[in-house]
Amino acid sequence: RKFVNKLKTLNNVRVLNSDCHFLLIKLEDISATNVYNRLLKSNILIRDASGFAGLDGSYIRVAVKDEKSNDRFIQALLKYLI
């Protein structure tokens, strides 16, 4: 819940409700492929969900991990959003 709440405070990011340990995130004005490539350079692996049925190129999927990993993901994403 803490991870989701932190993500919901970010601009240009919308977290979809989930009942599992993966989160689907819609990015506003940012390509999922660009975010994927950028985060990969920081050794953070996410899933570009643009290939999922019914989704476009603005969705990513991330796994909920331990607090340290979750915070690292948020910080890396923030650097890209700024």
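The values are calculated or read from the model by the stated rules, or taken from the named source; none is laboratory data. Small disclaimer: the values here were computed from a predicted structure and weren't measured. Cβ atoms come from the backbone with ideal geometry, glycine included; neighbour counts cover every protein chain shown. Quick note on the areas: whole protein, heavy atoms, side chains included, nothing else; ligands and nucleic acids left out. Shrake-Rupley method; radii C 1.70, N 1.55, O 1.52, S 1.80 Å.
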Q: State whether the residues of the stretch 8-17 include one that is on the phi > 0 side of the Ramachandran plot and touching a residue at least 60 places away in the same chain (Cβ under 8 Å).
A: yes
Q: Filter the stretch 1-51 for residues that are over 13 Å from ALA63 (Cα atoms), of a type in the set (D, E, K, R) and open to solvent by less than 50 Å² (accessible area, probe 1.4 Å) and give the result.
A: LYS26
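When you go through LYS65, LYS2, LYS8 one by one, which is the residue that is farther than 13 Å from TYR80 by Cβ, of a type outside the set (Asp, Glu) and touching a strand residue (DSSP E or B) at 6+ places or on another chain (Cβ under 6 Å)?
Values: LYS65 fails: touching a strand residue (DSSP E or B) at 6+ places or on another chain (Cβ under 6 Å); LYS2 fails: touching a strand residue (DSSP E or B) at 6+ places or on another chain (Cβ under 6 Å).
Residue meeting the stated conditions: LYS8.
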(Q) Suppose we filter VAL13, VAL62, VAL4 for residues that are within 13 Å of the chain's Cα centre (by Cα) and at pLDDT 95 or above; which single one remains? (A) VAL62
**Q.** Meets criteria (open to solvent by less than 40 Å² (accessible area, probe 1.4 Å) and without any contact (Cβ under 8 Å) to a residue 24 or more places away in the chain) for VAL62
**A.** no
